[in-house]
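All remarks here apply to the structure that follows.
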Amino acid sequence: MGNRQQKQQHRSHVRYHQIELDHPDTIYLPNGIVSGTVLTTKKCKSFILLTGIIRFQKHKQKQIENCEIIFFSSKFSLISSCTTKQNFRFHLNEHLPPSFNNLNIFPNISYSINLVYKKSKEKIYSSIPIYIYPYIQIDQPSLLTPLFFGSIDNQYYKTNIKIKINRSVFKFGDVIQIFYELQNPSEEYIQKIDISLGIYYLVESNIYQEDISDSIENTNYILSKHKLIRHHTLLNIPNKTFLPATFKYKYDEKDNHSFFNLSIDYKIQFKIYLGNPEDLWQIDVPIIIFLATKFAVSESPDGESSTTRGDAPYVCEVSNRSFKRLGLDYVDLYYIHRIDKNAPIEETVGAMKELVDAGKVKYIGLSECFSDTLRRAYAVHPIACVQIEYTPFSLDIERDEIGLLKICRELGVAIVCYSPLGRGMLTGQYKSPDDFEDNDYRRTFPRFSKESFPKNLQLVDQLAAIAKKKGSTPGQLTSVWILA
């Protein structure tokens, strides 16, 4: 889905020199327009055919059958006597599913524009792939809403688990924070607990599942009979553009006997082995994943310095370069990483709004902004979220004279907390700046200087004392405080 290597693989196997798109290498949106020109060389009936195809495998009588369904088809007739370039134009269906996976991986969805000549029978003479990525509809306040899952009982072993996740909606490249509490009153032997993130494709009744991330912390071998197990773990969401976002689709054409249901879901999978390694208790927690990226920090050619830019020409230029590097022309959320003091925020957000109007961006986000800046930005276009530090170290957004938290709540703007564990210090693992490696970038921050470190460590020690009373770590306590 938008992966440039995938595009190159397609292009090495097709002839499409006679078809030219007005916007090549674009990721199209449902309900959008695909247009271009074509040169026909044969004086016979011809047309341009836009198709969408899903390929999947299903079990049939103990065998695996490869299935292919053309779920979208649109025809544009050409003038048969014309040997010069002709224009074509298609309006895409507003509910099309995303392109994903290579043709040799099941399941997959692909779209193509084909030049078809018809003599005694129809023959595709030239073909070019296109890529479609639909909008992900997300309720903005849910961007930071914690997800509670449980309480779930295992009647046989009389155990119970409660799960809390830092939020229910994520973007590629995020880290998922997971807290769980396993009650084991019968003191059953817990062999191990595996936690992973998987993508699930459901096509009809055929399920395809692939693990894409395992727990960062080692929770594999708990080997415990404790009555109560509390734990905190992390999962990385890979930042790979070929992964489709969460999506559901139903195809059922009245004039076509073919139909299928498609669901693309991401689930956090808990595998708890109780009693013996063969006794598996599995719990799946669904989450939503979408795409986001940032701009505004421009580095010098030598990489030694950087400037902040938010002027309209730069927004246009950098978005094109960024999306090209990602292999995408569409993202769900586009942040401005830093506010340019030399460019009015109205100009910056106005340029971002043009990206929304062009179908390249769904939601707009700000980072490190003042309340007045947010209000002025919101007057140009609704702002989905603000990314800013919000930890026991940094409570500035709560202060009345700053008012950022108040304005966010008033406008319904979500707050995304960066460095929620104070760049590691709130975990309680660091006691001195000397604990950092010589090249650790944290040494450049005033908070971690030899003068400031002892003062900040006092707060960490206070959190550690509270956490100890509750049977948790300072990092767990901090995370729960943010979510509260």
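The table that follows gives values for the structure above.
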{"item": "Failed condition for ASN239, given (1) modelled with pLDDT of 75 or more; (2) within 30 Å of VAL386 (Cα to Cα); (3) surrounded by fewer than 19 Cβ atoms within 10 Å (Cβ to Cβ)", "result": "(1)"}
{"item": "Residues (touching a residue at least 60 places away in the same chain (Cβ under 8 Å) and either under 31 Å from the mean Cα position of the chain (by Cα) or outside any helix (DSSP H, G or I) (or both)) located in the range 445-482", "result": "GLY471, SER472, THR473, GLY475, GLN476, THR478, SER479, VAL480, TRP481, ILE482"}
{"item": "Any chance ASN320 is within 19 Å of SER298 (Cα to Cα) and either part of a helix (DSSP H, G or I) or open to solvent by less than 20 Å² (accessible area, probe 1.4 Å) (or both)", "result": "yes"}
{"item": "Every residue from the range 217-236 that is more than 25 Å from the chain's Cα centre (by Cα) and at pLDDT 80 or above", "result": "HIS226, LYS227, LEU228, ILE229, ARG230, HIS231"}
{"item": "The range 78-89 residues that are within 18 Å of ILE33 (Cβ to Cβ) and assigned to a loop (DSSP other than H, G, I, E, B), paired with ones that are open to solvent by 90 Å² or more (accessible area, probe 1.4 Å) and modelled with pLDDT of 90 or more (beta carbon under 9 Å, 6 or more apart)", "result": "none"}
{"item": "Subset of the range 289-310 [open to solvent by 70 Å² or more (accessible area, probe 1.4 Å) and among the polar types (S, T, N, Q)]", "result": "SER306, THR307"}
{"item": "Test: residue in the range 365-373 that is more than 30 Å from THR478 (Cα to Cα), of a type outside the set (D, E, K, R) and without any contact (Cβ under 8 Å) to a residue 60 or more places away in the chain", "result": "no"}
{"item": "Among residues of the range 1-33, those that are buried (at least 17 other Cβ atoms within 10 Å of the Cβ), more than 19 Å from ASN320 (Cβ to Cβ) and at pLDDT 85 or above, counted", "result": "1"}
{"item": "Among the candidates LEU39, LEU96, residue that is open to solvent by 10 Å² or more (accessible area, probe 1.4 Å) and either modelled with pLDDT under 90 or closer than 30 Å to ILE207 by Cβ (or both)", "result": "LEU39"}
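A quick yes/no check of all residues on (1) touching a Leu at 6+ places or on another chain (Cβ under 9 Å); (2) of a type in the set (Asp, Glu):
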{"position": "ILE388", "(1), (2)": "yes, no"}
{"position": "SER394", "(1), (2)": "no, no"}
{"position": "GLU398", "(1), (2)": "yes, yes"}
{"position": "LEU411", "(1), (2)": "yes, no"}
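The values are calculated or read from the model by the stated rules, or taken from the named source; none is laboratory data. For clarity, every value in this text was computed on a predicted model and none was experimentally measured. When we count neighbours, we look across all protein chains shown, and the Cβ atoms used for this are built from the backbone with ideal geometry, even at glycine. SASA here: full protein model, heavy atoms, side chains in, ligands and nucleic acids out. Shrake-Rupley method; radii C 1.70, N 1.55, O 1.52, S 1.80 Å.
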